[in-house]
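Here the structure comes first, spelled out in structure tokens, and everything after it is commentary.
The values are calculated or read from the model by the stated rules, or taken from the named source; none is laboratory data. Keep in mind it's a predicted model, so treat the numbers as computed, not measured. Here the Cβ positions follow ideal geometry from the backbone for every residue, glycine too, while neighbour counts run over all protein chains shown. SASA here: full protein model, heavy atoms, side chains in, ligands and nucleic acids out. Shrake-Rupley method; radii C 1.70, N 1.55, O 1.52, S 1.80 Å.
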Amino acid sequence: DAGVTQSPTHLIKTRGQQVTLRCSPISGHKSVSWYQQVLGQGPQFIFQYYEKEERGRGNFPDRFSARQFPNYSSELNVNALLLGDSALYLCASTWTGSYNEQFFGPGTRLTVL
Amino acid sequence: DAKTTQPNSMESNEEEPVHLPCNHSTISGTDYIHWYRQLPSQGPEYVIHGLTSNVNNRMASLAIAEDRKSSTLILHRATLRDAAVYYCILRDVGTGNQFYFGTGTSLTVIP
């Protein structure tokens, strides 16, 4: 079975631009979470979605938004990019019968110039 | 949000046991303790989790203090493939099962 997939792998944007990152969860997983990992730090929780509804939001500005589609895939959008948004963005999926294990994708490396 | 604190780095000799500590003094009754590890250029992967009792699986053991304010991840025989950043995480069952990562411990395994 395929694991969590994310696209694109790498992305370079300039300040003020907008970016959309995509995530496909493991088949059968209905919950998707997004994390931001700045170099040298642990992942920071951004959003959690379940059945297309937002179930949790971390301490991030409104420039960050996300949605989940009927097939449980998800998109993370970041508007008005800042240099500080440069990071590895990780997506994780969970089988909601048990939240014990989140399965992480390889991430999207975003560089803002 | 509940917080965890871990040493920034640790070293171990290959085939020796490794004990990775974690403090979580503000843990609540509904928080599960999880450990994940992240190898270079990869997303984190699950290692083990527990609530109150010690836990064992094929990868590691988790020892949880009686007051739950600290825990220790035990790798019984470190291999070179165990070199990674290990994260101690609290999963908040009470507010939606979100994961709050700490800064992690970078484990170096010496041949």
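Just a few scattered comments:
- Two-site label geometry, A:L82 and A:R57: point separation in nm, points 7 Å out along Cα→Cβ: 1.7
- Computed from phi, the 3J(HN,Hα) profile of segment B:37-42 under the Karplus parametrisation 6.51, -1.76, 1.60 (θ = phi - 60°) reads 10, 10, 7, x, 6, 10 Hz, with x in place of Gly and Pro.
- Interface area, chains A and B: about 1400 Å² of buried accessible surface, summed, with a 1.4 Å probe and ligands, DNA and RNA left out.
- Kirkwood analysis of the Cα pair distances in segment B:36-100 returns a hydrodynamic radius of 13.0 Å.
- Database remark: amide H of B:E14 closer than 5 angstrom to the amide H of B:I110 (H placed geometrically; neighbours at sequence offset of 5 or more, or on other chains; Pro and chain starts carry no H).
- Net charge over other residues, Cβ less than 9 angstrom from the Cβ of A:Q48 (K, R count +1; D, E count -1): +1
- Think of a 1.4 Å ball rolled over the protein heavy atoms: chain A then has 48 Å² of accessible area per residue.
- Going from the isolated chain to the complete set of protein chains, segment A:40-55 loses at least 30 Å² of heavy-atom accessible area (1.4 Å probe) at A:G42, A:P43, A:F45, A:Q48.
- Distance between the pseudo-spin-label points of A:R15 and A:L113 (7 Å out from Cα toward the beta carbon): 1.4 nm.
- Prolate is the label for chain B, because a/c, from the alpha-carbon gyration tensor with a ≥ b ≥ c as root eigenvalues, is 1.5 or above and a/b exceeds b/c.
- Estimated vicinal HN-Hα couplings, Hz - segment B:63-73 in sequence order (Karplus 6.51, -1.76, 1.60; Gly, Pro = x): 10, 10, 4, 4, 8, 6, 8, 8, 8, 9, 8
- Shape call, the protein assembly as shown: gyration tensor on alpha carbons, a/c limit 1.5: prolate
- The separation of segment B:71-107 from segment A:33-54, counted between C-alpha centres, amounts to 16 Å.
- Amide proton proximity set for B:S106, modelled H, under 5 Å, gap of 5+: B:S9, B:M10, B:Y86
- Using a probe radius of 1.4 angstrom, the carbon and sulfur fraction of the accessible surface of segment A:61-113 is 58%.
- Residues whose amide H lies under 5 Å from that of A:T96, counting only those 5 or more places away or on a different chain, are A:K30, A:S31; hydrogens are built 1.01 Å from N in the peptide plane.
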